[in-house]
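What follows draws every value from the coordinates through simple rules; no lab data is involved. Quantities reported herein were computed from a predicted structural model and do not represent experimental measurements. Every residue, glycine among them, receives a Cβ derived from its backbone with ideal geometry; neighbour counts consider all protein chains shown.
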Amino acid sequence: MTSSASAFLFDLDGTLVDSVYEHVLAWREALESCGIELAVWRIHRRIGMSGGLLVNALLRETGREVSAEQVKQLQQSHAKAYTRQVAEVRPLPGAKDLLKFLTQAGVPWAIATSGRMDFAKKTLQILDIPPEVPIITRDQVQHAKPDPDLFVTAAERLGVDIEKSVVVGDSVWDLLAARRARALGVGLLSGGYGEDELERAGAYRVYQDPLDLLHHLDEVGVRYPIARG
């Protein structure tokens with residue numbers, strides 16, 4: 001089995017694990033603790049960005065100005081609220097099978113998330129990630145999504161060409177970052193964005209979830225051997 005894709009670079013929340021709505025509710029709790037009320041759909045539209053960008057974007061919608069210290073406080077409140085819910089988070093359908101398949105096929109892969117490592121590791125534990133797989137977090141790059149830094153760094157850690165890699169994500173921020181990195185973007189509906197939104201952001205293909213992607217890997221560069229006989 002061979003692949004014309006040099007690597008797969010995965011987002012985490014909403015792409016491999018079913019955690020988007022836990023994050024949304026955690027952000028709502030954090031905002032309400034500071035006297036800020038926002039409908040959950042507004043919060044959901046920003047999930048996938050770095051925490052700092054997300055807070056700034058949400059507060060811009062309310063017309064409020066906040067200091068750097070208040071942004072930090074909101075991020076800490078969100079982290080505490082999410083930690084209380086992380087035990088409820090599960091891998092998305094097919095996530096473990098997809099990663100196992102790529103490993104067995106000899107296709108390198110990495111995870112690139114806008115979360116910080118001390119935060120993301122709680123979620124990563126449910127995926128049983130092999131120790132040799134690169135995990136790129138917000139701590140390791142200058143800018144998070146929608147900038148391309150996370151995915152570019154992931155490709156560098158794997159020693160592959162980012163322009164021959166497949167970026168898999170569930171949000172428009174993932175796909176904007178993929179486009180800026182000149183990688184092939186693949187969208188998943190498992191984070192709550194619509195197919196048309198993901199396509200407009202640059203998705204070459206859109207699938208339901210990791211299981212659906214696993215069943216269509218030939219469409220994104222993983223070739224199966226031709227049977228002979």
Chain lengthening between Glu37 and Asp161 when straightened (0.36 nm per residue, less Cα-Cα): 40.3 nm
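By average Cβ neighbour count within 10 Å, what is the ranking of 69-78, 148-157 from highest down?
Details: 69-78: 16.4, 148-157: 22.7.
Descending packing order for the listed peptides: 148-157, 69-78.
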If one compares the long axis through the Cα atoms of helix 51-62 with the longest principal axis of the Cα atoms of the chain, the angle in degrees, nearest 10, works out at 50 degrees
Relative to the longest principal axis of the chain, what angle (0 to 90°, nearest 10) does the C-alpha long axis of helix 95-104 take? 40 degrees
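Given a Förster distance of 41 angstrom, what is the FRET efficiency for Lys80 paired with Lys100, based on the Cβ-Cβ distance and rounded to 0.05?
Numbers: r = 33 Å, r/R0 = 0.81.
Approximately 0.80, to the nearest 0.05.
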So what are the ³J(HN,Hα) numbers for segment 188-199, from phi and the Karplus equation (6.51, -1.76, 1.60; θ = phi - 60°), rounded to whole Hz, Gly and Pro as x? 10, 7, 6, x, x, 7, x, 4, 5, 5, 5, 5
If I stretch the segment between Gln142 and Glu29 completely, what's the gain in nm (0.36 nm per residue apart, minus their alpha carbon distance), one decimal? 37.9 nm
Considering amide H positions built from the backbone, and no H for Pro or chain starts, which residues 5 or more places from Ser19, or on another chain, come under 5 Å of its amide H? Gly14
Listing Leu211, Leu59 by rising number of other beta-carbon atoms within 10 angstrom, fewest first, gives Leu211, Leu59
Can you tell me the Rg and Dmax of segment 20-87, counting just the alpha carbons, in angstroms? 10.7, 35
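DSSP beta bridges in the chain, what fraction antiparallel, as a percent rounded to 5?
Numbers: 3 of 22 bridges.
About 15 percent, rounded to the nearest 5.
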If you look for lysine pairs in the chain that are eight or more places apart or on different chains, how many of them have Cα atoms under 25 Å apart? 17
